[in-house]
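The values are calculated or read from the model by the stated rules, or taken from the named source; none is laboratory data. Model, not experiment: these values are computed from the prediction. Positions of Cβ are backbone-derived with ideal geometry, glycine not excepted, and every protein chain shown enters the neighbour counts.
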Amino acid sequence: MNIDISKFDQTRLMVIGDLMIDEYVWGKVDRISPEAPVQVVAVKNQDYTLGGSGNVVNNLMALGARVSVLGVIGKGSDGKLLLNKLDALGADTRGIIQEPGRHTTKKTRVIAEHQQVLRIDRETKKEISAQTFKSIIKHAEKIIPDVDVILISDYGKGLINRAMIKSLVQIAQKHNKITIADPKGLDFTKYAGVNLLTPNKREASLASGMEITDARTLAEAGKVLLDKSGIEKLLITCGKEGMILFEKDGKPAKMATKAREVYDVSGAGDTVLAALGIGIAAGLPLKTAVSLANTAAGIVVGKVGTATVTQKELLQALKLTDAETVPKHKTLKELSELCRKLQKDRKRIVLTNGCFDLLHVGHIKLFAASKKLGDVMIVAIDDDDSVRRLKGPDRPVISVTERVRILSALDSVDYMVVFANSELNKIIERIRPDILTKGSNYDSEEVLGRDIVENYGGRVELIPITEEISSTQIINTIKKSDKSPQNS
């Protein structure tokens, strides 16, 4: 798919919507409370990420856009934390109003032993004050003339009401700017005048009053929404089934998803809104921008939690990068970020490592057995210099680039990272696998990284290896055969 994203870094977008903080509290459970039949969670650490429209901003910044943010938060520590996170991204936060007496929306998830045991929501859904409304519109009037596209992220927390939509549409039309909204609620007439609306299938079903069960009912629901809502275009996202674009006086355009494997659809709507917005801001035709958003959604549902998509990942998915690029191959930074999200969603991570210079049946069984122990299996592969130090100057016989490509073809391998021998401990510390595996030809005491894994509560698992086979044996056999008299 030949889509030019080179102008992403030149785009500027405005995001207005409900800002949230997602808090993750990690702990351990080893007893029941004597006060009530509930678990006692001993907290080990906490983590905070941007949620709601903040995730739209995060996606846009990851794709290279400049972003101005409009919204409302409280004056307390949560509001300050949210502002700090947006400032750290480099977003323009001058349009964020701190309203007295208002809570900053915060969702706290308590996770113990890889299970979410409790979620606590701190929020208010009351409409913003008249003074806050005036302040936000005043900021919008200043910002909109200089942005390419306006994105409206509605989570139903009291900011995006009819009056707000009407005012934003009037300002946008005055300056000939495009508005795109991710809706909330049953009445889409609230978004009248918006250029493009991006509901998911469930939202479209509820708003149209029709049960969407197949392509026919989906098309009918799309037509009803276009006719009733007063919007120009409608993009219904259907998860792993892709998305469909509806335009008045035109046939629906369907696009299949690009996802290889769906881990989590949370935050996918934010990614669609961001990718669609930046695509249009960069001058892409609408259907091309929709295709781009579909590709981005396919990437993000392959991750866990509210995730972002980078330019590099988009280029890989669009097949614009070097042919040697392998999507399963991650840098340590990419992998550590991915693992944090996987762990938040209680996914069990398994790590194994080795040279894998000439793949054989023992390796295949190691990978397959390791995969069965968890949800996600990662392979750390020694780089060429590391293999030479371990195996001798004539090794490897297969370069690390080819070893990565070979292992990427295995269904049991989810991700790979290449490392130098001295970096294994660093990889374990950053990834923090639940289980570290090696073949049973190793003694558990010999397994590098065992102490690190066991210290944070993980374990080492030795996979039974019954075949007396190794890459070195195979290579030596080939060399002897090559030197035999009949081959001389």
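Structure data summary
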{"quantity": "Filter result for Ser422 (exposed (fewer than 11 other Cβ atoms within 10 Å of the Cβ) and either closer than 22 Å to Val387 by Cα or modelled with pLDDT of 90 or more (or both))", "calculated": "yes"}
{"quantity": "Which numbered condition Arg395 fails, given (1) among the basic types (Lys, Arg); (2) over 30 Å from Lys44 (Cα atoms); (3) assigned to a helix (DSSP H, G or I)", "calculated": "(3)"}
{"quantity": "Residue list for segment 374-385, filter: crowded, with 17+ Cβ neighbours inside 10 Å and either touching a residue at least 40 places away in the same chain (Cβ under 8 Å) or over 20 Å from Ser408 (Cα atoms) (or both)", "calculated": "Gly374, Ile378, Ala380"}
{"quantity": "Enumeration of residues in segment 150-159 that are within 24 Å of Thr11 (Cα to Cα) and either in contact with a His (Cβ under 6 Å, 6 or more places away or on another chain) or of a type outside the set (Gly, Ala, Ser) (or both)", "calculated": "Ile150, Leu151, Ile152, Asp154"}
{"quantity": "Candidates Val41, Val29 - the one that is buried (at least 16 other Cβ atoms within 10 Å of the Cβ), over 16 Å from Leu86 (Cα atoms) and assigned by TED's automatic domain parsing to the domain that holds Tyr191", "calculated": "Val41"}
{"quantity": "Residue within segment 369-376 that is touching a Ser or Thr at 6+ places or on another chain (Cβ under 6 Å) and either small (Gly, Ala, Ser) or at pLDDT 90 or above (or both) present", "calculated": "yes"}
{"quantity": "Filtered residues of segment 71-90 (kept if part of a strand (DSSP E or B) and either among the β-branched types (Val, Ile, Thr) or more than 15 Å from Thr105 (Cα to Cα) (or both))", "calculated": "Val72, Ile73"}
{"quantity": "Any chance Leu226 is in a helix (DSSP H, G or I), touching a residue at least 40 places away in the same chain (Cβ under 8 Å) and either among the hydrophobic types (A, V, I, L, M, F, W, C) or under 18 Å from Asn294 (Cα atoms) (or both)", "calculated": "no"}
{"quantity": "Given (1) loosely packed, with under 15 Cβ neighbours inside 10 Å; (2) on the phi < 0 side of the Ramachandran plot; (3) free of Cβ contacts under 8 Å to residues at least 60 places away in the same chain, number of the condition Arg403 does not satisfy", "calculated": "(1)"}
{"quantity": "So Ile128, is it crowded, with 19+ Cβ neighbours inside 10 Å, in contact with a strand residue (DSSP E or B) (Cβ under 9 Å, 6 or more places away or on another chain) and farther than 25 Å from Asp345 by Cα", "calculated": "yes"}
{"quantity": "Some residue of segment 222-240 being modelled with pLDDT under 95, in the same structural domain as Leu19 (by TED's automatic domain parsing), basic (Lys, Arg) and more than 22 Å from Met255 (Cβ to Cβ)", "calculated": "yes"}
{"quantity": "Whichever residue in segment 408-419 is under 21 Å from the mean Cα position of the chain (by Cα) and surrounded by 18 or more Cβ atoms within 10 Å (Cβ to Cβ) and, among such residues, is farthest from Gly354 (Cα to Cα)", "calculated": "Asp414"}
{"quantity": "Residues that are more than 23 Å from the chain's Cα centre (by Cα) and crowded, with 17+ Cβ neighbours inside 10 Å, drawn from segment 425-444", "calculated": "Ile435, Leu436, Thr437, Lys438, Gly439"}
{"quantity": "Residue list for segment 445-455, filter: part of a loop (DSSP other than H, G, I, E, B) and surrounded by 20 or more Cβ atoms within 10 Å (Cβ to Cβ)", "calculated": "Gly449"}
{"quantity": "Strands (runs of 3 or more DSSP E) contained entirely in segment 91-154, each with at least 3 residues that are within 26 Å of Asp187 (Cβ to Cβ)", "calculated": "149-153"}
{"quantity": "Residue check for Gly51: crowded, with 20+ Cβ neighbours inside 10 Å and on the phi < 0 side of the Ramachandran plot", "calculated": "yes"}
{"quantity": "Qualifying residue in segment 347-363 (condition: under 30 Å from Leu118 (Cβ atoms), touching a strand residue (DSSP E or B) at 6+ places or on another chain (Cβ under 6 Å), among the basic types (Lys, Arg) and at pLDDT 90 or above)", "calculated": "yes"}
{"quantity": "Residues that are over 30 Å from Gly27 (Cα atoms), in contact with a helix residue (DSSP H, G or I) (Cβ under 6 Å, 6 or more places away or on another chain) and at pLDDT 70 or above, drawn from segment 435-480", "calculated": "Gly439, Ile465"}
{"quantity": "Filtered residues of segment 5-42 (kept if charged (D, E, K, R) and free of Cβ contacts under 8 Å to residues at least 40 places away in the same chain)", "calculated": "Asp30, Arg31, Glu35"}
